[in-house]
Amino acid sequence: MSPEIYRFVDNSANFVYIYIGDSMELKEKILAILGESDEPVSGEALAEMNNVSRNAVWKAVNELRKDGFLIEAATNRGYVLARENKKLVGTQVSHFMKKCRNVAVFETLPSTNKTAKDFAEQGAEEGFIVVAESQTAGRGRLGRSFFSPTGGLYFSVILRPCFNAQVSILATVAAAVATARVLERHSRRTAEIKWVNDIYMANRKVCGILTEGSFNAETAKLDYAVLGIGINLFVPQEGFPQDIANIAGAVFSEKEVTSLKKAQIIAEITDEFFALYEDIENRSFLEEYRRRSWLQGKEVYYERNGTINYGTVVGIDDEARLLVMQNGIETAIGAGEVSVRSAGEKNEQ
Ligand code: BTN
């Protein structure tokens, strides 16, 4: 089935809104081959590998170009996916998604969570994704800001949960598991989760997750929620600001990051997340969340009601609360009430 594409351009922000149908198989295969090869691949070889005519290859390459992939044709040598293929567009994201979802890509936004909320207020459906390549007012947990320069990937997914608002913390937990899996797969580095919403690699925070909801007091449910994920793909040229320099890290080196990778990461995290979210009340992902817990066994201090408390992390319960042991007494800490730091950490991103 050929994709249906709608585009709208918003004067304020380079806005592209896309609906795309089933992805085309030949396009997928050609993209995968070109993505793997640093050398040009001839039209003839692509045709042979896929058992199609050279004309079919030529058409598929042109469709990929329309999807926003920069594919160069080297004279007499074939096609090559350009290295400078950095700019992300929505069709690239849709291209990799198992289920079709609307994707809005912006070069820059104040906050993708804020824009996703605006879309949700206007009735955008569950699964709508807002992406930005940088943010000027990225939001973090507990009213903090989130440093969001070019070099990161920032996106928010609209949710329309039908479960009780108390369960919504599990959406953040499911998202952390989905994100850890995908980042680990692409980087081949171990991804741990710092309760409740941070992904760590080699003891550095590489990703933060913030779920914000609009609570409906009458139904005691959320009208909608936005799940915001911010990933430090590579270290910005000027480095991280001093206040987070001892905590923040990045998943990749700059040369490893292409628009292809960005699109794959957004699509795969969204697909993995929705697979877990469909069955959220079963908490199937909690075991993996516990296994990936960066804080397990660590000495932590946390602030509650204005008092600083110390203890050792002994686990995470079924409501995703952190269990801390202090003088033989176990305390369960909820995500909304406190900020937890390991004894070695001074600041938080
Ligand atoms: C945290 O570490 O405290 C959570 C950070 C969440 C950042 C993401 S980036 C995409 C989305 N838009 C925002 O403004 N915040 C979230």
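Results, tabulated for the structure shown:
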{"item": "Checking Cys100 against (1) over 28 Å from Glu238 (Cβ atoms); (2) surrounded by 24 or more Cβ atoms within 10 Å (Cβ to Cβ), the condition it does not meet", "result": "(2)"}
{"item": "Matching entry among Glu25, Glu48, Glu63 (being surrounded by fewer than 15 Cβ atoms within 10 Å (Cβ to Cβ), acidic (Asp, Glu) and modelled with pLDDT of 80 or more)", "result": "Glu48"}
{"item": "Pair list, Cβ under 7 Å, 6 or more apart: the range 184-212 residue more than 21 Å from Tyr302 (Cβ to Cβ) and within 12 Å of the ligand (Cβ to nearest atom), other residue part of a loop (DSSP other than H, G, I, E, B) and at pLDDT 95 or above", "result": "Val206/Gly249; Val206/Ala250; Val206/Val251"}
{"item": "Selection within the range 153-203 - farther than 22 Å from Ile247 by Cα and of a type in the set (Lys, Arg)", "result": "Arg160, Arg185"}
{"item": "In the range 311-349, residue farthest from Ser293 (Cα to Cα) [restricted to those that are basic (Lys, Arg) and modelled with pLDDT under 90]", "result": "Lys346"}
{"item": "Test for Gly228: is it surrounded by fewer than 21 Cβ atoms within 10 Å (Cβ to Cβ), within 16 Å of the ligand (Cβ to nearest atom) and within 27 Å of Cys100 (Cβ to Cβ)", "result": "no"}
{"item": "The range 115-140, subset surrounded by fewer than 19 Cβ atoms within 10 Å (Cβ to Cβ) and charged (D, E, K, R), residue nearest to the ligand (Cβ to nearest atom)", "result": "Asp118"}
{"item": "Subset of the range 141-176 [within 9 Å of the ligand (Cβ to nearest atom), of a type outside the set (S, T, N, Q) and either without any contact (Cβ under 8 Å) to a residue 40 or more places away in the chain or closer than 21 Å to Ser214 by Cβ (or both)]", "result": "Arg141, Leu142, Arg144, Phe146, Tyr154, Phe155"}
{"item": "Pair list, Cβ under 7 Å, 6 or more apart: the range 274-293 residue over 19 Å from Gly127 (Cα atoms), other residue in a loop (DSSP other than H, G, I, E, B) and of a type in the set (Val, Ile, Thr)", "result": "none"}
{"item": "Of all residues in the range 141-161 being among the polar types (S, T, N, Q) and either surrounded by fewer than 24 Cβ atoms within 10 Å (Cβ to Cβ) or touching a His at 6+ places or on another chain (Cβ under 6 Å) (or both), the one that is nearest to Leu233 (Cα to Cα)", "result": "Thr150"}
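The values are calculated or read from the model by the stated rules, or taken from the named source; none is laboratory data. Bear in mind the structure is a predicted one, so any value in this text is a computation, not a measurement. Virtual Cβ from ideal backbone geometry, glycine too; neighbours counted across all protein chains shown.
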